[in-house]
1. So, S24, is that one among the polar types (S, T, N, Q) and farther than 30 Å from I94 by Cα or not?
2. Any residue at all in the stretch 64-75 that's under 25 Å from F160 (Cα atoms) and open to solvent by less than 30 Å² (accessible area, probe 1.4 Å)?
3. Filter the strands (runs of 3 or more DSSP E) completely within the stretch 107-169 down to those with at least 1 residues that are acidic (D, E), at pLDDT below 95 and touching a strand residue (DSSP E or B) at 6+ places or on another chain (Cβ under 8 Å).
4. Residues in the stretch 112-127: is at least one out of contact with any helix residue (DSSP H, G or I) (no Cβ under 7 Å at 6 or more places or on another chain) and closer than 23 Å to P25 by Cβ?
5. Mind listing just one residue for me: the one in the stretch 11-29 that is more than 14 Å from the chain's Cα centre (by Cα) and either surrounded by 10 or more Cβ atoms within 10 Å (Cβ to Cβ) or at pLDDT 95 or above (or both) and, of those, nearest to Y64 (Cα to Cα)?
6. Can you pull out the residues in the stretch 73-104 that are at pLDDT 95 or above, touching a Lys or Arg at 6+ places or on another chain (Cβ under 8 Å) and polar (S, T, N, Q)?
7. Could you look through the stretch 120-148, keep only residues that are within 25 Å of S81 (Cβ to Cβ) and of a type in the set (D, E, K, R), and pick out the one that is least open to solvent (accessible area, probe 1.4 Å)?
8. Take A78 and tell me if it is farther than 18 Å from S41 by Cα and surrounded by 13 or more Cβ atoms within 10 Å (Cβ to Cβ).
Amino acid sequence: AYNPCDSLKITSFYRNQWIGINGSPQNFTAMAEYNLKKINSGIGINFNHERIGLFKNNEIGLSYRYSLNFKNQRALSAGASIDIYNLRMKGLLIYGTNNTQEINSADTKITSRFGLFYSSKTLLLGASLFHPFEPIFRLEFMNSTYQFSRLYNLHGSYKFYLDNNNSLS
């Protein structure tokens, strides 16, 4: 059965693209999930910080997962997350040779995610939906708006096993 952790699972990653270029993409994500085996559930917290150009964004969320366990190590899990997302545009905008403008504008919205996941001993299949209500962020800079689009993800994997001779079985 899908068992994301025996008690507590902590995951994080960091990405720094185009090192040395001002405004290059950077991303740091950290997640923790506590497995509540007695009620086939899990609760979690996630944090994401990204910087791309003038944008510096932060997101923090709480999640809940429930799993139905079946025979032969199979399970169907459903989860939801509610997140607070802060979109910030900050930096110095340069027009021509002598014109500059300092930008510091932000907006915060609540967004969510939903997912469904099937697992067996060898097969993992999932589907998720991000930002189903497509929040609109309003920034003071040039009275601009930025809207999140719904994002659909499909994911899957198959686990191959090796026997004692390192051959696929």
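The values are calculated or read from the model by the stated rules, or taken from the named source; none is laboratory data. It should be emphasised that the depicted structure is a prediction, and the values quoted were computed from it without experimental measurement. Counting neighbours? That spans all protein chains shown, and the Cβs are built from the backbone with ideal geometry, glycine included. The protein model used for the area step is the full one, side chains on, heavy atoms only, and it has no ligands, DNA or RNA in it. Shrake-Rupley method; radii C 1.70, N 1.55, O 1.52, S 1.80 Å.
1. On the way: among the polar types (S, T, N, Q): yes; farther than 30 Å from I94 by Cα: no.
No.
2. Going through the stretch 64-75, the residues under 25 Å from F160 (Cα atoms) turn out to be 67-75.
Remaining after also requiring open to solvent by less than 30 Å² (accessible area, probe 1.4 Å): 67, 75.
Among the residues of the stretch 64-75, at least one is under 25 Å from F160 (Cα atoms) and open to solvent by less than 30 Å² (accessible area, probe 1.4 Å), which makes the answer yes.
3. On the way: elements: 123-130, 136-139, 144-147, 151-158.
The strands (runs of 3 or more DSSP E) meeting that bar number zero.
4. As a first pass, look at the stretch 112-127 and keep what is out of contact with any helix residue (DSSP H, G or I) (no Cβ under 7 Å at 6 or more places or on another chain): 112-127.
With closer than 23 Å to P25 by Cβ added as a condition, the list becomes 113.
Checked against the condition, which is being out of contact with any helix residue (DSSP H, G or I) (no Cβ under 7 Å at 6 or more places or on another chain) and closer than 23 Å to P25 by Cβ, the stretch 112-127 yields at least one hit.
5. Initial filter on the stretch 11-29 (more than 14 Å from the chain's Cα centre (by Cα)): 16-26.
Within this subset, residues satisfying the condition of being either surrounded by 10 or more Cβ atoms within 10 Å (Cβ to Cβ) or at pLDDT 95 or above (or both) are 16-18, 23-26.
Numbers: N16: 30, Q17: 32, W18: 35, G23: 35, S24: 33, P25: 30, Q26: 28 Å.
Only one residue fits best here, namely Q26.
6. S77, S81
7. At the first step, the residues of the stretch 120-148 found to be within 25 Å of S81 (Cβ to Cβ) are 120, 123-139, 145-148.
Still in the running and of a type in the set (D, E, K, R): 134, 138.
Working: E134: 55, R138: 146 Å².
Ranking the qualifying residues of the stretch 120-148, first place goes to E134.
8. Values: farther than 18 Å from S41 by Cα: no; surrounded by 13 or more Cβ atoms within 10 Å (Cβ to Cβ): yes.
Criteria not met by A78.
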